[in-house]
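A quick write-up on the structure given underneath.
The values are calculated or read from the model by the stated rules, or taken from the named source; none is laboratory data. All figures in this text were calculated on a predicted structure; none of them were measured in a lab. Cβ sites come from the backbone with ideal geometry, for glycine too, and all protein chains shown count toward neighbours. For the accessible areas, the whole protein counts, side chains as well, though only heavy atoms, and no ligand, DNA or RNA atoms are used. Shrake-Rupley method; radii C 1.70, N 1.55, O 1.52, S 1.80 Å.
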Amino acid sequence: MTILVTGGAGFIGSNFVLDWLAHTDEPVVNVDKLTYAGNLRNLSALEGDARHFFLREDICDGSRMLDIIATHRPRAVINFAAESHVDRSIAGPEEFIQTNVVGCFRLLEAVREASNGFSDAWMSSFRFVQVSTDEVYGSLTPSAPAFSEANRFEPNSPYSASKAAADHLARAYWHTYGLPTVTTNCSNNYGPFHFPEKLIPLCINNALAGLPLPLYGDGRQVRDWLFVRDHCAALRVVLERGIPGETYNIGGKAEVTNLEVVQMICDILDELRPDPLSGSYRRLITFVKDRPGHDRRYAIDASKIESQLGWYPRVAFRDGLRQTIEWYLDNEDWVSGITSGAYRDWIRRQYGSG
Ligand code: NAD
């Protein structure tokens, strides 16, 4: 059997492909458009590995998706492909609607059409996993209970609205057509191969370069962090035992303010590679104008996946953060390979530095 992964050259997708092939010999067909966020270097460990078959394709191309699914007959599709950066969705939402909504729709349609030629047995064991975010639920007040699967969708950014739309489509394809979809809504991930426009890798790399560590507003926004390999393990469990039509929240039980995250990065870096100028990278922390519509707090109640599927996060935030920082220190080539002109222009426009 084979699984089809979309967006498998991005941050979580590439971690998933590596994790999958470390746990099983079941081949992966990896479909990725290779946008600015896709990077085949993430998968260099798989060079020459016949279990990994890469196709540079756009999930919005419905006829190519149909062709690929009809040819490879995967037993599952896991949709990671997306535009994923909230700030970019505010600057230009169009791509987010195309890939996140239309792309998901094209994939669902391709599976629906291809499945006409497949047996009932194939269909009953097939799964379409829509990989999504906790941001679809909107923002929490400091004392509100964490998001459960029963929370209403209240997305506040074009990114989260586009993901919410796709999640609704996945749900509708189960209820309307019986296509076995499962949706996962996960909290903020961090770990190796994270594109350095996102908070944690941005701050690691800026600190090493002696650049400001930009924090939106007062830096007191709360996020729930999950080590990416814990997310990959959750997705393996969902593929194995997830019930069609269900959604599963995935989270790390690690609520931390953005300011605390950046302070922790500074403190770990102070130990691992001391700041040549002052002895503490904290001097670089800089508060910048807040993001429009910035959600105050996300927190995930993951008790459903824990009790029903037996998955638990294993990596404590501080340990995962240290591992991540060590990975960036050991992989400065990977970072310099992507922090080129276009990346610098974007960071400069966003924060006025870089
Ligand atoms: P990413 O931006 O690092 O990677 C996205 C990948 O999708 C890239 O490789 C890109 O080339 C590819 N892609 C984009 N448009 C495509 C298209 N039209 N066709 C084919 N491939 C395309 O994103 P990520 O952080 O790895 O997130 C992966 C998924 O997980 C996304 O759906 C995101 O919404 C979701 N998610 C992310 C987080 C997080 O903290 N990063 C948390 C929860 C859920």
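Could you list, in sequence order, all residues of the range 1-49 that are in a loop (DSSP other than H, G, I, E, B) and either of a type in the set (A, V, I, L, M, F, W, C) or more than 10 Å from the ligand (Cβ to nearest atom) (or both)?
First, the residues of the range 1-49 that are in a loop (DSSP other than H, G, I, E, B): 1-2, 7-10, 24-27, 33-39, 47-49.
The answer is M1, T2, A9, T24, D25, E26, P27, L34, A37, E47, G48, D49.
Given the structure, is G293 modelled with pLDDT of 95 or more and not acidic (D, E)? Write out each step before concluding.
Numbers: modelled with pLDDT of 95 or more: no; not acidic (D, E): yes.
Against the criterion (modelled with pLDDT of 95 or more and not acidic (D, E)), G293 does not qualify.
Each residue in the range 50-93 was checked for being of a type in the set (D, E), more than 10 Å from the ligand (Cβ to nearest atom) and either in contact with a helix residue (DSSP H, G or I) (Cβ under 8 Å, 6 or more places away or on another chain) or open to solvent by less than 60 Å² (accessible area, probe 1.4 Å) (or both), and 1 of them qualify. Give the residue that is surrounded by the most Cβ atoms within 10 Å (Cβ to Cβ), with candidates limited to residues of the range 196-215 that are in a helix (DSSP H, G or I) and within 16 Å of the ligand (Cβ to nearest atom). Here the residue is C203.
The set of residues from the range 117-155 being aromatic (F, W, Y), open to solvent by less than 20 Å² (accessible area, probe 1.4 Å), outside any loop (DSSP other than H, G, I, E, B) and in contact with a Lys or Arg (Cβ under 8 Å, 6 or more places away or on another chain) comprises just one member, Y137. Being under 25 Å from G242 (Cβ atoms) and within 15 Å of the ligand (Cβ to nearest atom) is a property that does not hold for F96. The residue that is nearest to P74 (Cα to Cα), counting only those in the range 102-116 that are within 14 Å of the ligand (Cβ to nearest atom) and open to solvent by 30 Å² or more (accessible area, probe 1.4 Å), is R106. Of all the criteria given as (1) modelled with pLDDT of 95 or more; (2) open to solvent by 30 Å² or more (accessible area, probe 1.4 Å); (3) touching an Asp or Glu at 6+ places or on another chain (Cβ under 6 Å), the one not satisfied by S280 is (1).
Once the range 179-195 is narrowed to residues that are within 7 Å of the ligand (Cβ to nearest atom) and not in a strand (DSSP E or B), the residue that is surrounded by the most Cβ atoms within 10 Å (Cβ to Cβ) is S187.
Restricting attention to the range 130-159, report how many residues are more than 9 Å from the ligand (Cβ to nearest atom) and within 17 Å of T99 (Cβ to Cβ). I'd like the intermediate steps shown before the answer.
Of the range 130-159, the ones more than 9 Å from the ligand (Cβ to nearest atom) are 136-158.
Narrowing the set further to residues that are within 17 Å of T99 (Cβ to Cβ) leaves 136, 155, 157-158.
Summing the residues that are more than 9 Å from the ligand (Cβ to nearest atom) and within 17 Å of T99 (Cβ to Cβ) in the range 130-159 gives 4.
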